[in-house]
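Report on the structure given below.
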Amino acid sequence: MTITQPTIIYGTAWKKSDTEGLVQLALKQGFRAIDTACQPKHYDEAGVGAGIAASLDGTVSRADLYLQTKFTSLTGQDPNQVPYDPRVPLADQVTQSLRTSLRNLRTSYVDCLILHAPLENAQQTLVAWHAMESLVAGGAVRQLGISNCYHLEQLDLIYKAVNIKPAVLQNRFYAATGYDRELRAYCIQRQISYQGFWTLTANSQNLSHSTVAALAAKYQRTPEQVLFRYLTQIGIVPLTGTRSPTHMQEDLTIFDFELDAAESAMMDAFLVAA
């Protein structure tokens, strides 16, 4: 099955009781890709499901959506809110987590299941990945990905050791990791979709850069739109978690303009220097 990767994703972390309404709003504004996780500590996954269910009104169908969730290991869970049995083997935790996600999201499948982060060692990471592979074979998952993986060696180990290759790498996009330049090059070579989160929050200094300001003035766009558009043009899928209807619309209209090669090179130059 060929799956079309999204170009921009609405992220639902930290939305708490506002999750359902914000998901409805995002879908109404035009978002068709939603990111969540089976991690009650940071996500209201059931709220995501409720927001989607309320939006499937005939104009939007489940088939129109790209829905991704995550398996979060015990180290990333609130011990008082673990969404699976912490006493069972790791592979069973993965399976139980997905069952919880499908129930929360009111769907029979997810488009992508993401390993929220590498586990304590390579062996455990691969046990979790192989369990995820079995869920693809069962039809409840269409593709797999990994998040918070900032070392090329880790990603390469997974890629070489598994049968179903990562289709997605989702990382924080910020200067401290050199904007994942090596990882992004690796992804391009292997047709792995690179998703960037914290793209605005972690890059506030870039939004005020003179290059961004000049391009924003030229195209009559906001600095945020210029940065997002640049990222999409170099192969990055940005996640946005805005609560503002105006900003949602601005995020979705970044595809109405395009930076030329020289302007992209200018953006490249100041990000390299950042």
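For segment 221-233, indicate whether the set of residues that are in contact with a helix residue (DSSP H, G or I) (Cβ under 6 Å, 6 or more places away or on another chain), of a type in the set (Val, Ile, Thr) and in a helix (DSSP H, G or I) is non-empty.
Looking through segment 221-233, at least one residue is in contact with a helix residue (DSSP H, G or I) (Cβ under 6 Å, 6 or more places away or on another chain), of a type in the set (Val, Ile, Thr) and in a helix (DSSP H, G or I).
For segment 157-176, what are the residues that are more than 20 Å from Ile236 (Cβ to Cβ) and either in contact with an Asp or Glu (Cβ under 6 Å, 6 or more places away or on another chain) or of a type outside the set (A, V, I, L, M, F, W, C) (or both)?
Answer for segment 157-176, where residues must be more than 20 Å from Ile236 (Cβ to Cβ) and either in contact with an Asp or Glu (Cβ under 6 Å, 6 or more places away or on another chain) or of a type outside the set (A, V, I, L, M, F, W, C) (or both): Lys160, Asn163, Ile164.
Any residue that is in a loop (DSSP other than H, G, I, E, B) and open to solvent by 20 Å² or more (accessible area, probe 1.4 Å) - is there at least one of those in segment 29-38?
If we filter segment 29-38 for residues that are in a loop (DSSP other than H, G, I, E, B), which is where we start, we get 30-32, 36-38.
Checking which are open to solvent by 20 Å² or more (accessible area, probe 1.4 Å) leaves us with 30, 32.
Yes, the conditions are met somewhere in segment 29-38.
Look through Ala137, Ala131 and report the one residue that is at pLDDT 95 or above, small (Gly, Ala, Ser) and in contact with a Ser or Thr (Cβ under 9 Å, 6 or more places away or on another chain).
Working: Ala137 fails: in contact with a Ser or Thr (Cβ under 9 Å, 6 or more places away or on another chain).
The match here is Ala131.
Conditions: (1) over 19 Å from the mean Cα position of the chain (by Cα); (2) assigned to a loop (DSSP other than H, G, I, E, B). Pro6 meets all but one. Number of the miss?
(1)
Of all residues in segment 191-207, which are exposed (fewer than 14 other Cβ atoms within 10 Å of the Cβ) and either more than 18 Å from the chain's Cα centre (by Cα) or within 16 Å of Phe228 (Cα to Cα) (or both)?
Within segment 191-207, Thr201, Ser204, Gln205 meet the criteria.
Is segment 262-271 home to any residue that is within 27 Å of Ala13 (Cα to Cα) and open to solvent by 20 Å² or more (accessible area, probe 1.4 Å)?
So the first thing to find is which residues in segment 262-271 are within 27 Å of Ala13 (Cα to Cα), and the list is 271.
When the remaining residues are screened for being open to solvent by 20 Å² or more (accessible area, probe 1.4 Å), the result is none.
No, that holds for no residue.
I'd like the full set of residues that are out of contact with any Leu (no Cβ under 8 Å at 6 or more places or on another chain) and of a type in the set (D, E, K, R), limited to segment 40-78.
Lys41, Asp44, Asp57, Asp64, Asp78
Taking segment 153-190 as the region of interest, how many residues are among the aliphatic types (A, V, I, L, M), open to solvent by less than 10 Å² (accessible area, probe 1.4 Å) and under 18 Å from the mean Cα position of the chain (by Cα)?
Taking segment 153-190 as the starting set, the residues that turn out to be among the aliphatic types (A, V, I, L, M) are 155, 157-158, 161-162, 164, 167-169, 175-176, 183, 185, 188.
Narrowing the set further to residues that are open to solvent by less than 10 Å² (accessible area, probe 1.4 Å) leaves 155, 158, 162, 168-169, 183.
From what is left, the residues that are under 18 Å from the mean Cα position of the chain (by Cα) are 155, 168-169, 183.
Number satisfying all stated conditions: 4.
Residues in segment 80-87: is at least one over 25 Å from Gln24 (Cα atoms) and within 21 Å of the chain's Cα centre (by Cα)?
No, segment 80-87 has no match at all.
Answer yes or no: is there a residue in segment 100-119 that is out of contact with any helix residue (DSSP H, G or I) (no Cβ under 9 Å at 6 or more places or on another chain) and open to solvent by 50 Å² or more (accessible area, probe 1.4 Å).
The answer is no, given that none of the residues of segment 100-119 is out of contact with any helix residue (DSSP H, G or I) (no Cβ under 9 Å at 6 or more places or on another chain) and open to solvent by 50 Å² or more (accessible area, probe 1.4 Å).
Test of understanding: among Leu259, Leu227, which residue is aliphatic (A, V, I, L, M) and crowded, with 22+ Cβ neighbours inside 10 Å? Talk me through it step by step, then tell me what you get.
Details: Leu259 fails: crowded, with 22+ Cβ neighbours inside 10 Å.
After applying the criteria, what remains is Leu227.
Can you tell which of Gly21, Gly58 is without any contact (Cβ under 8 Å) to a residue 40 or more places away in the chain, assigned to a helix (DSSP H, G or I), surrounded by fewer than 16 Cβ atoms within 10 Å (Cβ to Cβ) and out of contact with any His (no Cβ under 7 Å at 6 or more places or on another chain)? Don't jump to the end; show me each part of the working.
Working: Gly58 fails: assigned to a helix (DSSP H, G or I).
Checking each option against the conditions leaves just Gly21.
State whether the residues of segment 39-55 include one that is surrounded by fewer than 20 Cβ atoms within 10 Å (Cβ to Cβ) and in contact with a Ser or Thr (Cβ under 7 Å, 6 or more places away or on another chain).
Within segment 39-55, not a single residue is surrounded by fewer than 20 Cβ atoms within 10 Å (Cβ to Cβ) and in contact with a Ser or Thr (Cβ under 7 Å, 6 or more places away or on another chain).
The values are calculated or read from the model by the stated rules, or taken from the named source; none is laboratory data. Note that the coordinates shown come from a computational prediction; the quantities given were computed from them, not determined experimentally. Note: ideal-geometry Cβ built from the backbone for every residue, glycine included; neighbour counts use all protein chains shown. All accessible areas refer to the heavy atoms of the entire protein, side chains included, with ligands and DNA or RNA removed. Shrake-Rupley method; radii C 1.70, N 1.55, O 1.52, S 1.80 Å.
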